[in-house]
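Chemist: One structure, as structure tokens, below. Some questions next.
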Amino acid sequence: IDFDLILENVKDLNVLAGEGISQVEHTPGGARLRQPEPLPLTLYQNGIVMFNGPFRPYEDPSTQQCLQDIMDGYFPSELQMRYPDGV
């Protein structure tokens with residue numbers, strides 16, 4: 001696992017996802033600025049935790065696919081169900 005590549009690509013993906021950019025959210029009687037919700041990802045020596053969910057060891061095929069997607073420069077494909085309209 002190339003951790004340097006993962007960190008570099010996560011930074012790039014954060015920019016694509018709108019990091020630091022606020023969006024106008026219309027509310028009853030007005031509007032407010034809202035920033036996109038962050039997606040927590042914690043890298044450990046032997047696995048990851050995403051969305052404050054369960055620990056996922058690197059040997060798990062779904063973890064390997066998730067990290068491979070990031071190393072390839074893409075958002076993890078497993079997020080498509082959670083974000084069907086994209087980022």
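The values are calculated or read from the model by the stated rules, or taken from the named source; none is laboratory data. Treat the numbers as computed from the prediction; the structure is a model and nothing was measured. Note: ideal-geometry Cβ built from the backbone for every residue, glycine included; neighbour counts use all protein chains shown. The protein model used for the area step is the full one, side chains on, heavy atoms only, and it has no ligands, DNA or RNA in it. Shrake-Rupley method; radii C 1.70, N 1.55, O 1.52, S 1.80 Å.
Chemist: In region 8-37, how many are touching a residue at least 24 places away in the same chain (Cβ under 8 Å) and open to solvent by 90 Å² or more (accessible area, probe 1.4 Å)?
Modeler: Counting residues in region 8-37 that are touching a residue at least 24 places away in the same chain (Cβ under 8 Å) and open to solvent by 90 Å² or more (accessible area, probe 1.4 Å) gives 1.
Chemist: Only strands (runs of 3 or more DSSP E) wholly contained in the chain count here; list those with 1 or more residues that are in contact with a Ser or Thr (Cβ under 9 Å, 6 or more places away or on another chain).
Modeler: Where strands (runs of 3 or more DSSP E) fall fully within the chain and carry at least 1 residues being in contact with a Ser or Thr (Cβ under 9 Å, 6 or more places away or on another chain), they are 30-34, 47-50.
Chemist: Name the residue that is modelled with the highest pLDDT, counting only residues in region 9-45 that are of a type outside the set (A, V, I, L, M, F, W, C), in contact with an Asp or Glu (Cβ under 9 Å, 6 or more places away or on another chain) and more than 20 Å from Arg82 (Cβ to Cβ).
Modeler: That would be Lys11.
Chemist: Still on this structure, I have one more. Being under 21 Å from Met71 (Cα atoms) and touching a strand residue (DSSP E or B) at 6+ places or on another chain (Cβ under 6 Å) is the filter here, so list the residues in region 34-45 that pass it.
Modeler: Leu41, Thr42
Chemist: Answer yes if at least one residue in region 49-66 is aliphatic (A, V, I, L, M) and surrounded by 13 or more Cβ atoms within 10 Å (Cβ to Cβ), and no otherwise.
Modeler: Yes, some residue in region 49-66 is aliphatic (A, V, I, L, M) and surrounded by 13 or more Cβ atoms within 10 Å (Cβ to Cβ).
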